[in-house]
1. Ranked highest first by the average count of other Cβ atoms within 10 Å around their residues, in what order do 179-189, 44-54 fall?
2. Report, in deg cm²/dmol and to the nearest 500, the calculated mean residue ellipticity at 222 nm for the chain, where each DSSP H run with n ≥ 4 adds -39500 (n - 2.57) and the sum is divided by the residue count.
3. Which pairs break 19 Å Cα to Cα here: Lys91/Lys159; Lys52/Lys98; Lys52/Lys113?
4. Please give me the summed charge of the neighbours of Leu184: other residues whose Cβ is under 14 Å from its Cβ, Lys and Arg +1, Asp and Glu -1.
5. [x] 61, 35, 31; [y] 77, 39, 25; [z] 55, 43, 31: which one is Cα extents along the principal axes in Å as calculated from this entry?
6. What is the gain in length, in nm to one decimal, between Ala177 and Asn121 on full extension, counting 0.36 nm per residue of separation less the C-alpha to C-alpha distance?
7. Put a dot 7 Å past each Cα toward the Cβ at Lys56 and Ser26; how far apart are the dots in nm?
8. Convert each backbone phi in region 153-158 into a coupling constant with the Karplus relation 6.51 cos²θ - 1.76 cosθ + 1.60 (shift: θ = phi - 60°), then list the ³J(HN,Hα) values in order as whole Hz, x for Gly and Pro.
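Values in this text are rule-based calculations from the coordinates and carry no lab data. Just so it is clear, the structure is predicted and the values come from calculations on it, not from any experiment. Cβ: placed from backbone, ideal geometry, glycine included. Neighbour counts: every protein chain shown.
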Amino acid sequence: MRLNQRQLATVFALAVSGVGMAKAQSTVDQLQPLVETSARRLAIAEQVALSKWDSKTAVEDAAREAQVIQGAVKDAESKGLAPEPVAVFFKAQIEANKIVQYALLADWRRAGKAPAHAPINLVATIRPQLDQVQTALMAELQATATIRASGTCSIDMAKAIGTYLSAHKSDATPLRAIALDRALATACTPAK
């Protein structure tokens with residue numbers, strides 16, 4: 001069967017648009033591990049809130065936050081990542097975690113109690129988990145550096161977050177969606 005020029009042009013246009021759509025999907029797929037790891041960090045926020053409920057300590061811990069950011073910057077430098085965007089990214093991760101903590105603690109205060117739970121040791125149990133997640137986030141930042149610098153990163157990131165939330169509907173409360181959006185709000189670093 002022979003195709004005329006118009007038919008060839010249509011076939012070519014469909015092929016090119018299909019490649020573009022596959023590339024966009026691929027970019028969103030490539031951002032998924034970063035989104036999932038950030039969501040995992042936020043899941044730990046409930047344990048942090050329970051620990052702070054038990055110990056009656058404040059959500060704010062400036063010394064620990066500075067330590068986390070300093071460690072991230074040092075790690076960024078060793079991995080060839082620009083330290084400033086990494087510091088901003090981890091500040092956003094911390095802020096998102098605090099959003100979850102504040103919301104949960106407020107809910108528990110209104111209810112007059114926290115959910116039943118075994119005692120949680122923030123230093124011995126939770127911080128090592130957060131440190132492991134930080135290592136994973138650094139690897140994800142390194143793996144997605146090119147994508148995060150693209151002009152379409154914000155759109156791709158929003159789609160990746162939407163994909164995650166759709167796949168985790170049972171856990172996708174408005175609080176978690178807001179916190180995840182906040183956690184990844186500074187992940188994109190487009191060139192100026």
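1. Values: 179-189: 21.5, 44-54: 19.6.
With the highest mean Cβ count within 10 Å placed first, the list reads 179-189, 44-54.
2. Working: 7 runs with 143 residues, N = 192.
-25500 deg cm²/dmol, from helical runs alone.
3. Where the Cα-Cα span goes over 19 Å, the pairs concerned are Lys91/Lys159.
4. Working: positive: Arg40, Arg41, Lys91, Arg148, Lys159, Arg176, Arg182; negative: Glu36, Glu95, Glu140, Asp156, Asp181.
Local charge sum for Leu184: +2.
5. This structure yields the entry labelled [y].
6. Values: separation 56, 0.36 × 56 = 20.16 nm, distance 2.67 nm.
Full extension of this stretch gives 17.5 nm more.
7. My value for the distance between the label points is 5.8 nm.
8. 4, 4, 5, 4, 5, 4
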